[in-house]
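Read through the structure below, which is laid out as structure tokens, and then see the notes.
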Amino acid sequence: MKKVGIVLEGGGMRGAYTAGVLSWLLKNNFKADVVVGISSGAMYGAFYAANQEELMKKAAIDIAPDKDNVGIRPFLREGQLVAYDRLYDQELYKAGFDNKRLLNSFAEYECGVYSLDSYETLWKTNQDIADNGSWIKAACALPIFGRFVKIKETLYTDGGVTTMIPVKRALAKGVDKLLVITTKSPQYVRPPFPKYQIWLLKNIIYRKHPQLVKDFLSRTEVYYQERQLVDELVKNKKALNLYPTRETGVTRYKGNRDQFLDLFQLAYDNCEEHRQTIESFFKKETE
């Protein structure tokens, strides 16, 4: 039987697009065999694997635009630029997230977290998330914007430090076809790190973690390598890449409710445009 995988890029608040695509898939009963997510993609991928379709929209449209979640307010309250404690310890559970549901998921789910012990990205599974929902918080805690997340005496951060579009991880799971959901178009140009930011990372912010800094500064090169792999898979009809086909005003850490709703709806529209291809991908045919 064909094995279908879903790959989810991060993107902060632009993950509203990811939420829209996954919501559409669940509404239309398209269920993948493997789901691999990074950063916000890890969170929405968990909602998808847990079959919590309504939670997608709540998180993307109601929770994300809250001004208490990004900027000066969370910095004053939590000492970090994104209210990770409020979001991942309180708001998502109030909205209905049930990490235990991953134990009975239709999909093999994984999210990436970067270990400050081994300085590598580790992959956490359905069982891991069901045992401890804080792995989702760790997977979304991007360096600079948030503190490291401590789990069982080890510190972790966003697995996006080493991989932003985790296609290779999904391919290693033996999938035949991939639905790759990115929050940026294939034409996106990743800007270089400003020199002052490099200096701060090396000498102030993460001076005790030189390997983390090295990996973080390699993100641009890694991104283009992964982007090239996606393009090759699409060209060979082994993958479909869904991405926002226009800008809605939502950025990584900024946007209002109307813009988020627009981005969420854009995902639905893009899915409808590619309905036949998506149906073909999810059709369970014997090879």
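The values are calculated or read from the model by the stated rules, or taken from the named source; none is laboratory data. Everything numeric in this text was worked out from a predicted model, so none of it was measured. Every residue, glycine among them, receives a Cβ derived from its backbone with ideal geometry; neighbour counts consider all protein chains shown. Side chains are part of the model used for accessible areas, which takes the heavy atoms of the whole protein and leaves out ligands, DNA and RNA. Shrake-Rupley method; radii C 1.70, N 1.55, O 1.52, S 1.80 Å.
Using Cα pairs under 8 angstrom and six or more residues apart, how large is the relative contact order of the chain, in percent?
27
Tally Lys/Arg at +1 and Asp/Glu at -1 over every other residue whose Cβ is under 14 Å from the Cβ of Leu212; what's the total?
+2
Accessible area per residue for the chain in Å², computed with a 1.4 Å probe and the full protein assembly in place, what is it?
46
Which peptide among 175-186, 159-170 comes first, and what is the full order, when sorted by highest mean count of other Cβ atoms within 10 Å?
Ranking the peptides 175-186, 159-170 by packing returns 159-170, 175-186.
Any chance you could give the angle, 0 to 90 degrees and rounded to 10, that helix 40-49 forms with the longest Cα principal axis of the chain?
40
I'd like the carbon and sulfur percentage of the solvent accessible area for the range 24-164, probe radius 1.4 Å, heavy atoms only, ligands and nucleic acids excluded.
That fraction is 46 percent.
Rank-order 19-30, 222-233 by packing density, defined as the average count of other C-beta atoms within 10 Å over each peptide's residues, highest first.
The peptides rank, most packed first, as 19-30, 222-233.
Label the range 35-96 by shape, choosing from rounded, prolate and oblate, from the square roots a ≥ b ≥ c of the eigenvalues of the Cα gyration tensor; if a/c is under 1.5 it is rounded, and otherwise prolate applies when a/b is larger than b/c, oblate when it is not.
prolate
Measuring from label point to label point, each 7 Å out along Cα→Cβ, what is the Gln276 to Lys235 span in nm?
About 2.4 nm separates the two model spin labels.
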